[in-house]
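Below is one structure, written out as structure tokens; the observations come after it.
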Amino acid sequence: METKYTQGVERKIKEIAREYKNNGYEVYIEPDSTKKPGFLKFFQPDIIALSKKDNVVIEIKSSESKTDFKELEKLANIIKTTKHWRFELVITNPRNKISIKSDQQIIDSNTIGNRINDCLNLVRENNLEASFLLAWSTLEASIRLKLIDLNLKSETNIKRPVLHLMKSLYSFGIINQSTLRKLENFDQFRNKLIHGFETRLSKDYIYTLIEIIEMLTGRGDNSNVYEWLSNLDLEGFEEIYSLYRSIAEIDDIGLFKTNKKNDKLYVNTNIVEDELELKNEYQAKEMLEIIENDYMDGMDPEGFYRFHRASVMKSYCVNKNAQATGEHEVHAFDCEYLPNPENRIYLGSFNTCQKAVEKAKDHYENVDGCYYCSRECHTR
Amino acid sequence: MFPIEFIFEGPPVSLQSTNRARKLNYKAMVAREASAVLPDGFTPTTDEVTIKITYYYETQSGDVDNIIKLIQDALNGIIYVDDSQVADTRSLRKKIDGSYTIRNVSLKILEGFSRGTDFIHVTINRFVNTQELN
């Protein structure tokens with residue numbers, strides 16, 4: 001008789017059933033309707049285990065089998081509302097052994113540059129599979145070098161599998177989630193390609209991969225943009241939004257001034273000394289895309305601004321201690337300069353600093369918003 | 001109202017991240033997901049709480065040291081008034097394609113699995129002082 005279970009899951013079911021039996025439970029594997037209580041009528045659990053103390057529904061799943069988690073949610077919901085019953089989920093998967101020899105050296109930056117040219121030549125010759133595989137290996141080297149360069153990884157633990165390192169790039173803020181998903185996609189494509197499965201490849205797919213390599217290694221047409229943004233170290237959503245609008249409207253917005261001379265755009269701010277030069281409107285458009293993807297998490301700018309302004313209430317407090325100039329500062333609870341707990345008067349939750357400042361006036365006449373967390377309310 | 005649980009998409013962002021804007025966006029996202037599970041009229045508690053953070057990941061996890069602080073900060077003024085109220089925090093990693101048992105599996109965890117990508121599950125409970133040191 002064909003079984004719906006993989007070998008691993010079948011083995012696990014028998015192991016768990018044995019465990020519960022040894023603990024005094026009455027155990028039924030794939031129980032029929034005579035053994036199932038009424039509330040499980042529409043479900044087929046893998047195991048039910050019954051005792052005087054409690055009753056358990058146990059589902060065993062693995063990544064090899066297709067799991068309908070929505071069905072499991074329905075099952076969990078019903079069990080939650082049924083007295084003396086609980087739900088246990090067992091995940092079982094074979095161990096994967098992945099290892100990289102510790103004595104191997106990563107290719108250097110010059111070699112990476114040469115390989116990018118080789119990849120582009122292969123694309124021009126329409127040799128797309130070879131180009132992709134070469135680009136992939138170059139990408140792995142770029143990721144490892146980037147993490148070493150930023151002192152986020154040592155030469156020893158840089159030999160971890162590349163999927164681990166890609167997620168590290170995200171966790172350390174070097175790439176955004178959209179780029180991480182692209183890299184995961186490339187990884188899956190690479191596996192299919194090298195294991196002999198049919199694949200369909202386009203030049204644009206490879207160019208996207210090469211762009212990511214260039215971004216990681218400080219090459220490419222937008223390397224000056226990435227460097228300027230990195231020095232700028234944007235923080236608040238108002239700064240991000242102001243920069244975006246300043247470039248989009250070629251105007252002075254907030255802390256940023258953008259002007260145009262002979263097709264080139266120049267962006268200035270007193271946050272950093274260097275002026276950013278954008279070669280033409282096309283590069284300006286690419287910079288706006290970088291800001292949207294890397295700083296707005298892919299949201300449209302107006303939506304990004306509205307979301308951060310209004311959608312989440314923040315708690316505010318006022319500092320019991322006055323500034324040297326006499327005002328008591330109002331701070332949001334996520335402020336870097338939040339006073340120590342003993343110096344705070346809790347004001348409540350508000351969606352704007354203006355409301356918090358109004359409330360602070362119940363305590364002190366002379367109040368002002370903190371420059372860092374409540375800049376709109378900072379008047380001094 | 002406790003325990004309060006919510007999930008959000010992984011991987012987590014590390015406190016070590018040098019990108020301040022991304023850290024802020026991440027905290028805003030965590031705060032948004034936490035707010036979404038709270039009932040209308042919920043006010044941040046002034047009691048001591050415990051937090052359990054579990055990162056469910058596929059195949060490889062990435063570097064996940066220092067993931068607690070940003071999540072704790074994000075919940076200031078949402079679940080509790082100040083993160084000095086957090087009496088105990090646990091941070092765990094579980095491989096989605098690994099082997100383990102989840103006892104009393106919650107709907108939120110199942111929702112996380114059904115999304116098919118890495119996710120972080122956060123549970124906040126009132127702190128109970130058992131006067132035992134573990």
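The values are calculated or read from the model by the stated rules, or taken from the named source; none is laboratory data. Just so it is clear, the structure is predicted and the values come from calculations on it, not from any experiment. Heads up, the Cβs are rebuilt from the backbone with ideal geometry, glycines too, and the neighbour counts pull from every protein chain shown. Ligands, DNA and RNA are stripped out before the accessible areas are found, and what is left, the full protein with its side chains, is counted by its heavy atoms. Shrake-Rupley method; radii C 1.70, N 1.55, O 1.52, S 1.80 Å.
Can you tell me which residue within the stretch B:108-119, out of those that are surrounded by fewer than 16 Cβ atoms within 10 Å (Cβ to Cβ) and within 18 Å of A:N77 (Cα to Cα), is farthest from the other protein chains (Cβ to nearest Cβ)?
B:R115
Kindly indicate whether any position in the stretch B:70-78 is open to solvent by less than 30 Å² (accessible area, probe 1.4 Å), at pLDDT below 85 and either hydroxyl-bearing (S, T, Y) or not in a strand (DSSP E or B) (or both).
So far as the stretch B:70-78 goes, yes, one or more of its residues are open to solvent by less than 30 Å² (accessible area, probe 1.4 Å), at pLDDT below 85 and either hydroxyl-bearing (S, T, Y) or not in a strand (DSSP E or B) (or both).
How many residues are part of a loop (DSSP other than H, G, I, E, B) and open to solvent by less than 10 Å² (accessible area, probe 1.4 Å) when one looks only at the stretch B:1-50?
Matching residues across the stretch B:1-50 total 6.
Residue-wise test of (1) modelled with pLDDT under 90; (2) open to solvent by 50 Å² or more (accessible area, probe 1.4 Å); (3) in contact with a Cys (Cβ under 6 Å, 6 or more places away or on another chain).
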{"site": "A:V9", "(1), (2), (3)": "yes, no, no"}
{"site": "A:R18", "(1), (2), (3)": "no, yes, no"}
{"site": "A:S33", "(1), (2), (3)": "yes, yes, no"}
{"site": "A:F39", "(1), (2), (3)": "no, yes, no"}
{"site": "A:D46", "(1), (2), (3)": "no, no, no"}
{"site": "A:D54", "(1), (2), (3)": "no, no, no"}
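In the stretch A:206-214, is there at least one residue being part of a helix (DSSP H, G or I), surrounded by 16 or more Cβ atoms within 10 Å (Cβ to Cβ), within 14 Å of chain B (Cβ to nearest Cβ) and β-branched (V, I, T)?
So far as the stretch A:206-214 goes, no, none of its residues is part of a helix (DSSP H, G or I), surrounded by 16 or more Cβ atoms within 10 Å (Cβ to Cβ), within 14 Å of chain B (Cβ to nearest Cβ) and β-branched (V, I, T).
Limited to the stretch A:142-152, what total is found for residues that are assigned to a helix (DSSP H, G or I) and open to solvent by 40 Å² or more (accessible area, probe 1.4 Å)?
So the answer is 3.
May I ask you to verify whether B:V64 is facing another protein chain (nearest Cβ under 9 Å) and aliphatic (A, V, I, L, M)?
The answer is yes for B:V64.
Of all residues in the stretch A:56-92, count the ones that are of a type in the set (K, R) and surrounded by 13 or more Cβ atoms within 10 Å (Cβ to Cβ).
4
Touching a helix residue (DSSP H, G or I) at 6+ places or on another chain (Cβ under 6 Å), farther than 26 Å from B:S114 by Cβ and away from chain A (no Cβ under 12 Å): which single residue out of B:E5, B:E48 fits that description?
B:E48
Has the stretch A:175-193 got at least one residue that is buried (at least 19 other Cβ atoms within 10 Å of the Cβ), touching a helix residue (DSSP H, G or I) at 6+ places or on another chain (Cβ under 9 Å), basic (K, R) and at pLDDT 90 or above?
Scanning the stretch A:175-193 turns up at least one residue that is buried (at least 19 other Cβ atoms within 10 Å of the Cβ), touching a helix residue (DSSP H, G or I) at 6+ places or on another chain (Cβ under 9 Å), basic (K, R) and at pLDDT 90 or above.
Kindly indicate which of A:Y295, A:Y316 is farther than 27 Å from A:G173 by Cα and either within 28 Å of the chain's Cα centre (by Cα) or in contact (Cβ under 8 Å) with a residue 12 or more places away in the chain (or both).
Selected residue: A:Y316, the only one of A:Y295, A:Y316 that is farther than 27 Å from A:G173 by Cα and either within 28 Å of the chain's Cα centre (by Cα) or in contact (Cβ under 8 Å) with a residue 12 or more places away in the chain (or both).
Condition first: part of a helix (DSSP H, G or I), within 26 Å of B:I120 (Cα to Cα) and open to solvent by 70 Å² or more (accessible area, probe 1.4 Å). Can you find one or more residues in the stretch A:119-141 that meet it?
Scanning the stretch A:119-141, I find no residue that is part of a helix (DSSP H, G or I), within 26 Å of B:I120 (Cα to Cα) and open to solvent by 70 Å² or more (accessible area, probe 1.4 Å), so the answer is no.
From the residues in the stretch B:79-102 that are within 7 Å of chain A (Cβ to nearest Cβ) and open to solvent by 40 Å² or more (accessible area, probe 1.4 Å), which one is nearest to A:T92 (Cα to Cα)?
It comes out as B:S99.
Tell me yes or no: at least one residue of the stretch A:205-227 is without any contact (Cβ under 8 Å) to a residue 60 or more places away in the chain, more than 19 Å from A:G113 (Cβ to Cβ) and of a type in the set (V, I, T).
No, there is no match, as no residue in the stretch A:205-227 is without any contact (Cβ under 8 Å) to a residue 60 or more places away in the chain, more than 19 Å from A:G113 (Cβ to Cβ) and of a type in the set (V, I, T).
Check whether at least one residue in the stretch A:253-264 is charged (D, E, K, R), within 14 Å of chain B (Cβ to nearest Cβ) and more than 28 Å from A:K146 (Cβ to Cβ), and report yes or no.
No.
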